[in-house]
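Novice: One structure, as structure tokens, below. Some questions next.
The values are calculated or read from the model by the stated rules, or taken from the named source; none is laboratory data. As the structure is a computational prediction, the values presented were derived from the model and not from experiment. For neighbour counting, all protein chains shown are included, and Cβ atoms are generated from backbone atoms with ideal geometry for every residue, glycine included.
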């Protein structure tokens with residue numbers, strides 16, 4: 001097994017809590033190459049010509065043929081092969097490039113769901129776990145769009161607890177095939193897919209096994225499309241496997257490895273969903289700015305009102321921060337992939353190892369991105385006022401389509417709990433030293449506070465001290481919860497989710513501050529005043545959220561002197577110099593209002 005050297009440029013997942021990251025260590029979206037921007041432009045052109053003019057038609061489609069034909073057109077442009085290696089008909093692009101494609105196409109409403117299901121959970125299991133023969137047979141068909149893929153994991157009685165699935169796979173007497181029987185639900189692309197990645201149990205195995213199933217193998221039937229709140233144009237069905245005979249060589253990876261496949265593919269899906277939410281959110285902000293510049297009340301456009309400016313600015317702040325954190329983590333994954341490959345690890349194994357390493361960040365960013373989009377669409381409806389509630393205006397579809405993202409790829413509650421669970425498990429294994437820093441923070445809160453001002457002349461010195469204290473607060477609460485509750489902590493879901501919120505806000509606030517610092521180094525302070533405003537707004541809000549989450553967690557398990565000391569420590573670690581955030585937001589909003597779009 002390959003081992004990273006001490007000189008490796010890449011970092012470990014979850015280390016952000018105990019290590020200070022420098023701005024030069026992170027990737028920022030402004031660094032995308034001309035080639036990557038051309039790929040993004042291709043995606044925008046496709047949405048502009050093929051998707052946006054037909055959104056109503058897509059939502060009301062009576063058959064899956066329309067979506068299937070749109071997927072074929074996307075395949076002709078190469079949009080389905082970004083993550084497929086070149087030798088199998090794809091483009092073999094970097095992960096951050098595939099994130100960029102997910103972001104731009106994320107503004108495609110139902111189409112983006114079909115696209116991401118095909119390119120992600122439908123194709124990547126074969127990319128990373130398929131045999132050479134399986135890759136050669138199926139990947140060229142999937143990369144070109146000749147075949148479309150679906151992913152069959154969820155069942156009526158197994159959602160978040162995916163490994164409890166009841167679909168059975170029985171080996172034939174001659175050992176040449178497996179007979180699959182069972183029911184799957186919420187299967188995206190089910191109505192037009194030629195290929196299904198299906199998870200089933202063999203005999204009394206503890207874990208699932210994955211199979212590549214062709215529709216032509218027979219024994220497959222399905223219900224009519226589900227009637228859904230949103231993403232109505234996405235073909236979602238129940239799929240039944242009725243003694244479906246699958247050749248034994250179509251087992252994906254090895255027996256019992258299906259659950260690991262599902263988990264690792266979901267890690268990828270989570271961070272790519274975070275990217276996709278950005279595309280949808282940016283489109284909504286642009287529409288909201290457009291409308292605020294057109295709509296008049298009291299003899300003036302509503303974009304002149306402070307309440308509207310507040311909303312527009314807040315929308316931009318959340319998007320900018322979420323975008324920053326997503327591409328920071330995406331590049332960390334790319335860097336680790338390259339480091340592992342240099343040690344002799346295969347491309348597929350290196351990618352799987354990297355996704356597993358940054359599973360914590362993937363979970364956090366899925367939560368942050370989906371909730372940022374939900375905030376944006378909700379405020380978008382509010383900016384539109386009465387028209388926001390009309391199905392004739394764009395906010396109706398945006399609002400309904402957004403809601404599924406907090407359920408997709410593991411609910412946000414599950415992802416919050418996974419965040420803390422994975423951090424603590426890595427600490428228990430000695431992979432990350434969380435308890436050492438946590439104990440140091442515990443000693444610090446018993447000492448006399450340092451009231452000296454930070455007189456450093458480095459960029460954002462005071463703000464970086466705030467970030468450092470946010471990390472201390474998170475470690476303090478997590479460490480105390482572990483010590484107090486020990487094995488019972490897993491049952492205290494409310495506390496786990498509060499600690500996760502503290503970690504999420506810390507990671508995103510640090511990311512956006514580092515982005516702006518790096519950008520100032522390239523463009524200069526004056527050219528980055530608006531970006532600085534965005535970072536300051538987010539940092540102040542993050543500190544407040546962290547304080548609230550920390551207080552909730554502490555009062556849930558501490559009492560007496562311990563409670564008082566920890567609350568005192570939390571207060572110390574959430575100090576931040578006040579600033580006029582009203583004027584800060586107004587500058588952000590005015591800049592967008594002037595250009596009539598999201599500009600960051």
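Novice: On the given criteria, is residue 246 surrounded by 19 or more Cβ atoms within 10 Å (Cβ to Cβ), in contact with a helix residue (DSSP H, G or I) (Cβ under 7 Å, 6 or more places away or on another chain) and not in a helix (DSSP H, G or I)?
Specialist: Yes, satisfied.
Novice: If you check every pair at least six apart or on different chains, which have Cβ atoms under 8 Å apart with a residue in region 214-229 that is more than 18 Å from residue 60 (Cα to Cα) first and a residue that is modelled with pLDDT of 95 or more and exposed (fewer than 12 other Cβ atoms within 10 Å of the Cβ) second?
Specialist: Listed by first residue and then by second, the contacts come to 219/243.
Novice: Another question, then. Pull out all pairs, ordered by first then second residue, where Cβ-Cβ is under 7 Å, the residues are six or more apart or on different chains, the first lies in region 264-283 and is outside the structural domain of residue 362 (by TED's automatic domain parsing) and part of a helix (DSSP H, G or I), and the second is surrounded by fewer than 24 Cβ atoms within 10 Å (Cβ to Cβ) and modelled with pLDDT of 95 or more.
Specialist: Within 7 Å, no pair qualifies.
Novice: Can you tell me which of (1) over 21 Å from residue 82 (Cβ atoms); (2) surrounded by 24 or more Cβ atoms within 10 Å (Cβ to Cβ); (3) at pLDDT below 95 is the one residue 363 doesn't meet?
Specialist: (3)
Novice: Hey, residue 215 hits all of (1) within 23 Å of residue 116 (Cα to Cα); (2) in contact with a helix residue (DSSP H, G or I) (Cβ under 8 Å, 6 or more places away or on another chain) but one; which does it fall short on?
Specialist: Condition (2) is where residue 215 drops out.
Novice: On to the next question. Need the failing condition index for residue 15 against (1) free of Cβ contacts under 8 Å to residues at least 24 places away in the same chain; (2) within 24 Å of residue 356 (Cβ to Cβ), just the number.
Specialist: (1)
Novice: If you check 576, 593, which single one turns out to be in the same structural domain as residue 480 (by TED's automatic domain parsing), at pLDDT 95 or above, within 30 Å of the chain's Cα centre (by Cα) and within 23 Å of residue 289 (Cα to Cα)?
Specialist: It is 593.
Novice: Scan (1) surrounded by fewer than 14 Cβ atoms within 10 Å (Cβ to Cβ); (2) assigned to a loop (DSSP other than H, G, I, E, B); (3) in contact with a strand residue (DSSP E or B) (Cβ under 8 Å, 6 or more places away or on another chain) for the single condition residue 226 breaks and write down its number.
Specialist: All conditions are met except number (1).
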